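Data block below; observations after.
The values are calculated or read from the model by the stated rules, or taken from the named source; none is laboratory data. These figures come from a predicted structure and were not determined experimentally. Here the Cβ is made from the backbone with ideal geometry for all residues, glycine too, and neighbour counts use every protein chain on show. Note: accessible area is taken over every heavy atom of the protein model, side chains too, but ligands, DNA and RNA are not part of it. Shrake-Rupley method; radii C 1.70, N 1.55, O 1.52, S 1.80 Å.
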Amino acid sequence: MNYPKLPKECTSLLCKYLTPQVFDALKDKKTSNGFTLEQTINSGVKNIDSGIGVYAGDEESYMTFSALFDPIIKEYHGFDTSDTHQSNLNPDDLNAPNPDPKGEYIVSTRIRVGRNVDAMPLGPAISKEQRDEVEARVVEGLSTLKGELAGSYTPLLGMSKEVQESLIKDHFLFKEGDRFLDAVGLNRNWPEGRGIYHNSDKTFLVWVNEEDQLRIISMQQGGDIKEVFTRLVTAIKSIESEVTFAYNDHLGYITSCPTNLGTAMRASVHIALPKLAKDMDAFKTITDKYHLQIRGIHGEHSQSEGGVYDISNRRRLGITEVEAVQDMYDGVVALIEAEKAL
Ligand code: ADP
Ligand code: DAR
């Protein structure tokens, strides 16, 4: 493998930290699953508009290619190699009374975590047989869900295009053919082994074998962030009684993308801020202060519509789940105050 051609306009963390020295140190290494440096960086090499540009094929990748992952993790999360991650999934520790009880600003709230099955390769390095085994084990774990969480699992294989497109349009299902995921092999054998679980009113959902092996999602209309978090925690604990998740004391919950390590949690609101949107400098001053990320309303790499934005916590590693949700909550309170002031 030769040093990749990385155009000077590339601003990803891959382009920043894959120096010729790091490349030479890593180019002949591979993990026990055979995952190579070339596979680790291929998404960022093929998609020069990546923000990060790297994915892990297994938990071991974070050690084998640490010379590249560590500076990326440090820059994205502010997290050092000597730091340890702490988890706190106790909703009692969250101070989050509904910041918009009249529903004037917050359209909907969604909190998701990524999880991967312990002792299995991650999506980029997994075989078809292993991925099918993950699907079967996760579906087994989903059968523990009771009460409002009870629901059904639908494999993507055999799902009608109409149903699939309707679920995606309504923000319930992952999109297909993501080029960033494709370049690292996360779409291999698609749609086999993939699917979606949800309860009857779609306030609780689980994506199986997309970017991570599980995306556990709680969501609802309005701004009752604490209720959404509480539902998610109840579900995580129920599934975890059957399925062991990949976790270590340094990196927390293990995910294929380094931006999701630690809590692997993204807590978001779709919020209408039409006045603030006219002054994006003021908008971004607030989101920077509260460590927030701005996305469009159809997920990552999409645009906002009608002054509605997807606002979520940016930090996921080195803070607890309660702190991640508190980051989002405190930032949303500040954004609503700024919108009101205008
Ligand atoms: P993820 O959050 O899983 O990393 P995306 O940002 O692509 O992935 O979002 C996945 C889907 O969830 C998209 O359809 C997006 O519109 C939807 N979504 C995210 N946050 C919210 C929210 N607060 N309310 C409703 N839908 C949401
Ligand atoms: N394609 C990656 C996305 C990074 C963060 N989002 C994830 N993991 N869905 C990029 O480098 O832009």
Requested in this report: Compute the Cα gyration tensor for segment 100-191, then decide on rounded, prolate or oblate, letting a ≥ b ≥ c be the square roots of its eigenvalues: rounded whenever a/c is under 1.5, prolate when a/b is larger than b/c in the other cases, and oblate in all that remain.
Outcome: prolate
Query raised in the report: Tell me, Kirkwood radius of segment 236-327 from alpha-carbon pair distances, in Å?
Result: 14.6
Report summary line: Packing-ranked peptide list from 220-226, 299-305, 142-148, highest mean Cβ count within 10 angstrom first, is 220-226, 142-148, 299-305
Query raised in the report: From the cross-link list Lys8/Lys284; Lys175/Lys284; Lys102/Lys237; Lys8/Lys46; Lys169/Lys237, which pairs have alpha carbons spaced over 23 Å apart?
Result: Lys8/Lys284; Lys175/Lys284; Lys102/Lys237; Lys169/Lys237
**Report entry** Per residue value of the accessible surface for the chain (all protein chains in place, 1.4 Å probe), Å²
**Finding:** 43
Requested in this report: Can you list which of the GluC sites (Glu not before Pro) found in segment 4-101 are DSSP loop residues with at most 16 other C-beta atoms within 10 Å?
Outcome: Glu9
Report summary line: Rounded to the nearest whole number, the per residue volume of the convex hull around the C-alpha atoms of segment 167-214 in Å³ is 76
Query raised in the report: On alpha-carbon atoms, Rg over Rh for segment 1-61 using Kirkwood Rh?
Result: 0.95
**Report entry** Descending Cα extents along the principal axes, the chain, whole Å
**Finding:** 58, 46, 40
Requested in this report: Add +1 for every Lys or Arg and -1 for every Asp or Glu among the other residues with Cβ under 10 Å from the Cβ of Glu148, and state the total.
Outcome: +1
Query raised in the report: What number comes out for the charge environment of Thr36, summing +1 per Lys or Arg and -1 per Asp or Glu over other residues with Cβ under 14 Å away?
Result: -1
**Report entry** For Val117, residues with placed amide H under 5 Å, excluding near neighbours
**Finding:** Gln213, Ala246
